[in-house]
1. Just to be sure before I move on: is residue 18 without any contact (Cβ under 8 Å) to a residue 12 or more places away in the chain and touching a helix residue (DSSP H, G or I) at 6+ places or on another chain (Cβ under 8 Å) in the structure I sent?
2. Residue check: is residue 20 out of contact with any strand residue (DSSP E or B) (no Cβ under 8 Å at 6 or more places or on another chain), part of a helix (DSSP H, G or I) and more than 27 Å from residue 87 (Cβ to Cβ)?
3. Only one residue in 32, 52, 25 is in contact with a helix residue (DSSP H, G or I) (Cβ under 7 Å, 6 or more places away or on another chain), assigned to a helix (DSSP H, G or I) and surrounded by 14 or more Cβ atoms within 10 Å (Cβ to Cβ). Which one?
4. Would you point out which residue out of 46, 39 is under 21 Å from residue 82 (Cα atoms), loosely packed, with under 14 Cβ neighbours inside 10 Å and in contact with a helix residue (DSSP H, G or I) (Cβ under 7 Å, 6 or more places away or on another chain)?
């Protein structure tokens, strides 16, 4: 499912126009993004948790040249599925 299909599904389920559903979906995604960007987390009961993981700086090897390179420390978004989501997927 892509974003347009998600918007159409939300519009159908909530009896909204696609423009209203687009605004709602964008608002949710923007809220999750800004919360994670500020170092917070988003917990949606029954669905899952969005968090930020800190990755340490490390040394890697370029497979083509064999050259050793430094990989800078970074932050990465993580998602952990909730119990209800796991059960829905497994049944």
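Every read-out reported here was derived from the displayed coordinates using simple, explicitly stated rules and does not represent laboratory data. The shown structure was predicted, so the numbers you read here are calculated from the model rather than taken from an experiment. No Cβ is skipped: glycine too gets one built from the backbone with ideal geometry, and neighbour counts run over all protein chains shown.
1. yes
2. yes
3. Exactly one of 32, 52, 25 is in contact with a helix residue (DSSP H, G or I) (Cβ under 7 Å, 6 or more places away or on another chain), assigned to a helix (DSSP H, G or I) and surrounded by 14 or more Cβ atoms within 10 Å (Cβ to Cβ), namely 25.
4. Going through 46, 39 in turn, just one is under 21 Å from residue 82 (Cα atoms), loosely packed, with under 14 Cβ neighbours inside 10 Å and in contact with a helix residue (DSSP H, G or I) (Cβ under 7 Å, 6 or more places away or on another chain): 46.
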